[in-house]
Every structure is written in C-alpha cells, then in structure tokens.
Protein chains: 2
Amino acid sequence: MSAILSGATYPPTLTEEETTNLVIALRDWSLSHGLVIRAPTDTNAGDELSVHVPLTLHPSPFPKNLFDQARGLQTAFNALYAKVADDSEFLNGITEELAGVDEFMSDLWKLHLEVEEMTEGVPAQPLTLGLFRSDYLLHTTPTEEPSIRQVELNTISASFGGLSSLAADCHRFLSKSGLYGVATGSQLLNDETMPLNPAARGLAKGLGVAHDAYGVKGSIVLFVVQNLERNAFDQRWLEYYLLEDFGVVSVRASLEEIAESGELDPITKVLRYKGRQVAVVYYRAGYTPTDYTSPATWEARKKMELSKAIKCPSLATHFAGAKKVQQVLVDELVLAKFVPDANVRSQLKATFADILPLDVSDLGKKARKLIETCPEKYVLKPQREGGGNNVYRERIPGYLAELNDETLWRGYILMELIEPPRDVRNAIIRAGKVKEGNVISELGIFGCVLWDTVTHEIRQNFEAGWLLRTKFADSEEGGVAAGFGSIDSVLLI
Amino acid sequence: MSAILSGATYPPTLTEEETTNLVIALRDWSLSHGLVIRAPTDTNAGDELSVHVPLTLHPSPFPKNLFDQARGLQTAFNALYAKVADDSEFLNGITEELAGVDEFMSDLWKLHLEVEEMTEGVPAQPLTLGLFRSDYLLHTTPTEEPSIRQVELNTISASFGGLSSLAADCHRFLSKSGLYGVATGSQLLNDETMPLNPAARGLAKGLGVAHDAYGVKGSIVLFVVQNLERNAFDQRWLEYYLLEDFGVVSVRASLEEIAESGELDPITKVLRYKGRQVAVVYYRAGYTPTDYTSPATWEARKKMELSKAIKCPSLATHFAGAKKVQQVLVDELVLAKFVPDANVRSQLKATFADILPLDVSDLGKKARKLIETCPEKYVLKPQREGGGNNVYRERIPGYLAELNDETLWRGYILMELIEPPRDVRNAIIRAGKVKEGNVISELGIFGCVLWDTVTHEIRQNFEAGWLLRTKFADSEEGGVAAGFGSIDSVLLI
C-alpha cells in the first residue's frame, strides 16, 4: 500500500506515444459516453458543444479498508443529519450563533420558521428526501497509517454522482484496452480493484423511491437548476436513470422560472409546474445566495416549501448542512443527543477532524490562540455551502483582521488541516491537455435517506455510490466546476 | 398509412415552447449518449469538442411491410455481392468498361490483379468480411402503392451504424418523456412502431466473428481511418462494442500511419501494426482517391491485401461495389448467373430501378436518347463510391457535353430517378437549430457476411440493423457528413 501511495511504483511509466494514445482514447470515450460538461463560453460555442470533464489519466490509489469504512458509515451519517434536521430547538441554537454573520444561512432559517408558522407546525408533506454526500480526505502522519477525516457533509446539491459512475467506466475501458501498459486482470488492475460505481443509478433511485412514496402516477420530479449550468450532464444522468428505472419524467427549471410558472394550490397544497403535478423538488440550485436573484426567487422557494411535494432537501435539512453544525457535532455530548449508540458514535467520531468555533466561548478563545500561534495547521471555512471560499494557513490572521467587526468571525469555523499523502502521482486531462504532478484525492460517499419529519420514522436509508475528486497537491481548492480539480475513480489497494 | 406519408396527420403540431423543449432534450440526450460528431473546425474548437449529429426532431414514417421486405432481402444481397466479388472473370469484364474513365476504380482492380499474381492465386487469407449497406428509397406514383427501390449497395466504409442505433434510442427517449405531445404506448408511438436498432452491436459482431475466425488471441482489429474524421464517434461505437462483446481491442490508423508502421512478415504473411498482430483490417478510409495521398499509401493497401489479416473488404469486394456492377446486375441473365434461385432473384429484382450504361451498346444508345428526350426522369452517377457527385435531371446533358471525350461517359451510369413521397414533413436539428420542411428518407440495411473466397463457402451471413437518413425534399444530395442530411429513426406504419 505505502509504495503506491508514495508514488514510487504507481502510476506506470509511459512513453510519450503511450500517453498520447491514452489521452485520445480517454477524450473520445468521454465524449461518446456523456462524461462531459458544456464547452466553456469563451469559445465561439453556444450550448450545443460539449467537452470531456477534467479527468485523471489513471485511477488514483485509495486504501480498500478506508474506502469500505467510509461506505459503511454512510447510513449512520444519513440518519444523523435527518435527526439534526428534525431538531428545531437545536437548529435554533445554531442560527442564533449565525445571526448577523451569515445572512444567507439566517435567511434560510427565517424562511423555515415562517413556513412552520404558516402551516401551524403541520407540514403539508411530512416526508423529506436527503441526497447527501460525505467527503473525506486521507490523513497521514510520519508515524501513523492513513485514516479518513471528514471534510464536510453536503445536504444540498451534492454533485458529480452522474459523472462519477462514468469515470469508473472510463478508467476500466482504458485498462481493458491495454492502454495502461499493465495487464488487465493483474493484481493491480482488475474488476475488484477498479469497482463499478453505482452513484448515478443510486441517486436516481433516491429520487425514484421518493416519487413512489408521493404516490401520484404521472407526477414529475422538478430539477431546480441554475440558468447557465455547465455541469448539466451530471444532472441529466439522474434524469435518464429516473426515466429508465422508474418511468418518472423530470422537468428542469430555474428559481426564476418556478417563480413565474410554479403554482401552489391553496387548498390541497399540490405544487404544479406549468400545470404538471410535482412529486419531488430536487435542488441543484438555491444553495448559494447568488441563485436568489430577486425577492420572487425567495417566494418560489417558499412556495415549494409550503407544498405537498417532497423536498430534496427541505429548508431545515439544507440548514443542517451548515459548517457550524459539523463543528458542534464534534462535541461528544452534542453527538450523543443524536447518536445514542456509543459504538456507532465512536465510529463517526473517528472520522472527525478538530473543529473550533470563532465565537466568544472557551473554544472560541482557544481558536484565537491557535490562529496566533500555529495558523499553518488550520483552514478557515465559512458556514455556508459552496466551495472556493476557504482561507488557508498563514493567510488566516490577515483575512480575519480585514473583517472589521469581530462578530463577523462567528460566520466561520476553524478546522484542523487534514494532512493527506502528498507523494501520490497522477496526470489530469483538461480539454485534451495533459498535466502531471503530485495529487490529493477527496472521497465523497453518497447517501439517500427518506424520512418522516413528523414521526421521525426513516423510510429508506442507503449508501449510493461515491465520488473521487483529485487536484494537484499544490492547489488548495478542489472544486471541479471551479476549474481546480478533476473527476477520478478509485484504485483500491 | 397514406395519411401519415401525406404529412396530413404527422408529425403532431407543437407550440413554439414544446418545440424548444424537444430540441433541448434532443441536444442534451445526444451529447450525453455519444450521438455526436466532432465540432466543425471553423469554431475555435480543436478535437476536444463534440456537437450532436444532425438529427430529425421526429422519427420519420416508413411502411412496416417495406421495412420488413428490405431487411428480409439483406442476406440474399450479402450472398450476391460475395459471389460477385469472387468472380474475377466477371469483374475483369467490368473493369474493361471502366478503363480510362474511372482511374481510381481501375487502379483498385490493377492492384487486385497484382496481388493475385504475387500470391499465385493462393491468397494468404481465404476469408473476406463484408460489412455492407443496401440503400433504398420509397418509390410511389399517383396510381401505385409505395414500394422500395435500391439506390446502391455499399461494399466499403458503410457508415452510421453506430449513430443510427442511438438515433432510435433518442427518439424513444423523447417519446417516453412525453415531449411529442402524443401518448407513449399509443397506436402511433410504441415499442413496436419505434423499434430498437441493433446496427452498432450488429456491425461489431461482424468484426468480432471475423476476429474469432482469424483465431489468434490478443490480435487486434485495425480501423483504417481518415486523418480528420468528424464522424469518428460513429466508428468508436463499433470499437466499444467489439471490446465489450468480444474482448477485442481495436487500433485506429490512417493509411499514412500504416505505410510507416505496418509490417508484413514475408514468410508467415502476418500483418503487424506497431508490433501488434492484426486479425481484421476494417476500412473506414481508402474508399476515395483523396485518401491516397502518396504512393506509400497505395503500398500500405497492398501490404494489407497481401497479408493473412481478414480484409473488410478485400480489393475485389471493394471493386464489386462499383455502380457499373449494380447496372449490369439489372440484366436478368447476368443476375441469374449469381442468383440461380428464381424466387430469390425476383425478390431482389423487384427493388431494382432501371439503370443504363453510357457506353456504345444498344442500352447505351437508349440511354443517350432518354437524356435527350426526358432527362428530368434521370440521375447521372459516377461509378465510384462516395456521395456528392451525382448530376440530376436537366443538368445531365450540359454536364456530359462538358466532358470533352465521349469515352469518359462510360464512367457514369444513368439511373431512373426514384420518386419518393414528397409530402412527408419533419424538422431537422443541426447544432441545436431547427429547420422544418418536407423531407425524403433513405433506408439503409446493414449486412455482415464472412466467406471463403477459395471454397466460396459462406461462414456467416446476417442482417445487422439499419440506418434512416433524412434530407429536405428540395435538396438533392443526402450525405450527412457533407452537410445535407440528418440521421433519423423509423416510425413503422
């Protein structure tokens, strides 16, 4: 294991011609199989062109025991966050700490409370669907074997399930074509070490079982999407499997379009979009303040929340994904409230990194001290969702100093930096161009959970595949859409 | 049937919004599923971008009895052209008529004779593979029910099998998504009227059984391809199914690359490309003179022809696809030589249009008279393969007049124009843009035949799916790659 993670024996050394052949095969396979994103708008192109998604040339090594561990934990994480989302009192406490520092998260919670009041605490739809993704990095020190550390748990718009399944298929194709120069079926590359990834169908199943639970034939799943979404094909794959496996039709619409053409029946609370009954609202937009371009878009979200449609996720579930929640759950006493089983609790806790608040509590004071003395061990993260806003290491003190008002600090958490192996090598292919280097991979495990927010009964709870994203070790942000990272697949070692 | 062919009841009338939704769904489905071609080089794009193939919005109606008739004839056509290819004496007669008028076809035959002499009539590889496509138009007159007329039979590089299967899947998806405004499972749109098209896997099976017959594990199929091939994905699908269904790896190379890196073992006659043994040479290039950019490319073709690899097709089989052969087979006596069974013969003949030579025979004299008196009923076609060179109707006399030397006329055949229904309506989507109009559809039936050119034993012979190509009724050339036509699927009526 360690030889592969050290980059000493993997990936295989290829000639320039072998690399070129691999890249061409990867590019054309991707374009043939929908492992694509829309072409950048800075080409002459319109919506009609696609380009392969940034992809690693080789599958990246990942220890099998840790991979199995992460997958094995997912249903417990699903249940935990479902419980958190159902606990208004707890989330009220969280929101008080965010008041005035993260307007967007506060607004979400305010809307939740407003809806709760309007429905007098009896929701039109007791069921909620979560399509979550729990993200992990390998953590290793000179003295310890690698372990997994949770980076975050996404409760809204967890993406790349569709493309992730294809990435595994692509690397398998390249292997079976003999292009890696390593025998297929060898100890290194075989069907066990390069597992099929069920993420696309798994997430579609989540939407499908929710649709079944809603119980109205011919009703649709409404995909709430951003207007200019280059990553549309990742979402399309869920639509295609939903139709293929469940016979369910999806319709895509932006918050603006729903504001205009979505209707809530005041009596039955049925949600209709352009006249069609909506069974499930699946948010692939609405997770970031910039998606709310007008008061009407907030009204659209409220309309959906008030409706009988099953939300994926509800406002409370969305809010439960706040980094602040993740930070608070690190406290054993808090975690015990939601996970009474000590054995399960210790399994979850084993993946938690140290997370500290930046408030005026004792922990907050400890955090301030750590930032002064050893900022190089930490990352500063805003509470709200969406990548690209983290502040790393020595830049933290200066960044905080620029926030005039110290109460704004409470909008952030301080997280111990995870130390992944830094000697793993791979190449990332972007628009047909190769770049080699040392890489870091982040494993995300998808989970589906359908539960009753009134009875707290869990109706469905399953793990639904995974995502491996890989970036160069010298780049700190790993968002694929943001242009920093790439999709990968696991090579289990 | 007639109501649909008249355009009176089909396709359904859609609002502008319904059409837009259909086009977006078609575009994204195509980009997700590899129903694509490379982006035009006049965008900023390089090889890394793809665009959906030009596609009809609706499946075009085709009479089920005629569709079944065409499919039912394919194995007989396969056997006929295999026999023609094996009859050197007959093809020698053909080539004499072409001498001096079609240099390319003459050169092919000369190379065939040279190889025959070098091998003393004992080919290194007795087996030959044909992946043919027989193309038909509907023919109808005010007094007659529609029938099918053969346009041509392609013996080399018959394309669009890969994308054709996907076109059927795409139209099915649009139907099942409810986007046609016609109920799926209705009498009009259902799984019987919109059949799955097995062309991609069928053609891959042809290559696979040839590879099996060659019998060397680990040997490859060599795809001979053009350098700048926008239609590469159509070919890629055969590669993917060949790997998936037969575990056989394909390698793509241009004639130039084979000239450089192809090796013929002088003793064993084994063909190697970059060191790898070639079981089957599959030509998706080499059908047009412009593919032969240097004497070395002709040498490459000779090297392959001399080898033990199974050719798809051999030079003789390539040559058997000459229009002149098609013209001569119209003669009952000639056809009887190859098809002794009178019943089969009459079935084949029923699809033949009148075809006349432009030589000095009695038929040639008749042709000259017809060109003078009623050119509007005819199309002039060059003997050689590849679309885009036909001369239609009143333009024929002027075109022939410009050929200074009347012996050049022998390079052409005069074919009775087939009169397809002209009131069928559809829309063609090209790079996401819609254009509606009256359309004409051409049905191609794929066939695979593997036979022994020495014993004349047929080892495999099967029909392998179909292609429907559709163009506007006011455009005379229908080549999809040439920018005139589109891929379609059949709606059986």
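The values are calculated or read from the model by the stated rules, or taken from the named source; none is laboratory data. No experiment lies behind these values; they were computed from the predicted model shown. Ideal geometry is used to build each Cβ from the backbone, glycine not excepted, and the neighbour counts take in all protein chains shown. In case anyone asks, the SASA skips ligands and DNA or RNA and just uses the protein heavy atoms, side chains included. Shrake-Rupley method; radii C 1.70, N 1.55, O 1.52, S 1.80 Å.
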Review point. Applying the selection to the range A:210-238, what residues are of a type in the set (Phe, Trp, Tyr) and farther than 15 Å from A:Val251 by Cα?
Key: A:Tyr214
Check your understanding: When you scan the range B:173-221, how many residues do you find that are more than 30 Å from B:Ala279 (Cα to Cα) and among the acidic types (Asp, Glu)?
Key -> 2
Point to revise | Residue list for the range A:178-199, filter: under 19 Å from B:Leu243 (Cα atoms), of a type outside the set (S, T, N, Q) and open to solvent by less than 50 Å² (accessible area, probe 1.4 Å) | key: A:Gly178, A:Leu179, A:Tyr180, A:Val182, A:Leu189, A:Met194, A:Pro195
Exercise for review: Kindly establish whether A:Asp47 is at pLDDT 90 or above and either of a type in the set (D, E, K, R) or closer than 30 Å to A:Arg230 by Cβ (or both).
Suggested key: no
Practice item. Would you check if there is a residue in the range B:44-59 being in contact with a Leu (Cβ under 8 Å, 6 or more places away or on another chain), free of Cβ contacts under 8 Å to residues at least 12 places away in the same chain and in a helix (DSSP H, G or I)? Key: no
Point to revise | A:Leu207 vs. criteria of a type in the set (A, V, I, L, M), within 20 Å of A:Gly34 (Cβ to Cβ), assigned to a helix (DSSP H, G or I) and within 11 Å of chain B (Cβ to nearest Cβ) | key: no
Check your understanding: Given the range B:228-336, what helices (runs of 4 or more DSSP H) lie entirely inside it while holding 1 or more residues that are open to solvent by 30 Å² or more (accessible area, probe 1.4 Å) and touching a residue at least 40 places away in the same chain (Cβ under 8 Å)?
Key -> B:232-246, B:255-261, B:295-306
Revision key, fill the gap. Those residues of the range A:109-140 which are open to solvent by less than 20 Å² (accessible area, probe 1.4 Å) and out of contact with any Cys (no Cβ under 9 Å at 6 or more places or on another chain) amount to A:Trp109, A:Leu111, A:Val115, A:Leu127, A:Arg133, A:Ser134, A:Asp135, A:Tyr136, A:Leu138
Point to revise | Single unsatisfied condition, A:Asn438 versus (1) within 24 Å of A:Gln74 (Cβ to Cβ); (2) at pLDDT 90 or above; (3) part of a strand (DSSP E or B) | key: (1)
Review point. Just a yes or no: is a residue in the range B:17-35 assigned to a helix (DSSP H, G or I), touching a helix residue (DSSP H, G or I) at 6+ places or on another chain (Cβ under 6 Å) and of a type in the set (Asp, Glu)?
Key: yes
**Study point:** Enumeration of residues in the range B:80-106 that are open to solvent by 40 Å² or more (accessible area, probe 1.4 Å) and either in contact (Cβ under 8 Å) with a residue 40 or more places away in the chain or among the β-branched types (Val, Ile, Thr) (or both)
**Key:** B:Lys83, B:Glu97, B:Gly100, B:Glu103
Practice item. Evaluate the range B:68-75: report whether one residue or more is of a type in the set (A, V, I, L, M, F, W, C) and without any contact (Cβ under 8 Å) to a residue 60 or more places away in the chain. Key: no
Check your understanding: Which one of the conditions (1) open to solvent by less than 10 Å² (accessible area, probe 1.4 Å); (2) within 14 Å of chain A (Cβ to nearest Cβ) does B:Phe77 fail to meet, given that it meets all the rest?
Key -> (2)
Exercise for review: Quick one: B:Tyr10 ticks every box in (1) outside any helix (DSSP H, G or I); (2) hydroxyl-bearing (Ser, Thr, Tyr); (3) within 11 Å of chain A (Cβ to nearest Cβ) except a single one, so which number is it?
Suggested key: (3)
Exercise for review: Would you mind finding the one in B:Val36, B:Val53, B:Val84 that is within 11 Å of another protein chain (Cβ to nearest Cβ) and either among the β-branched types (Val, Ile, Thr) or within 30 Å of B:Val454 (Cβ to Cβ) (or both)?
Suggested key: B:Val36
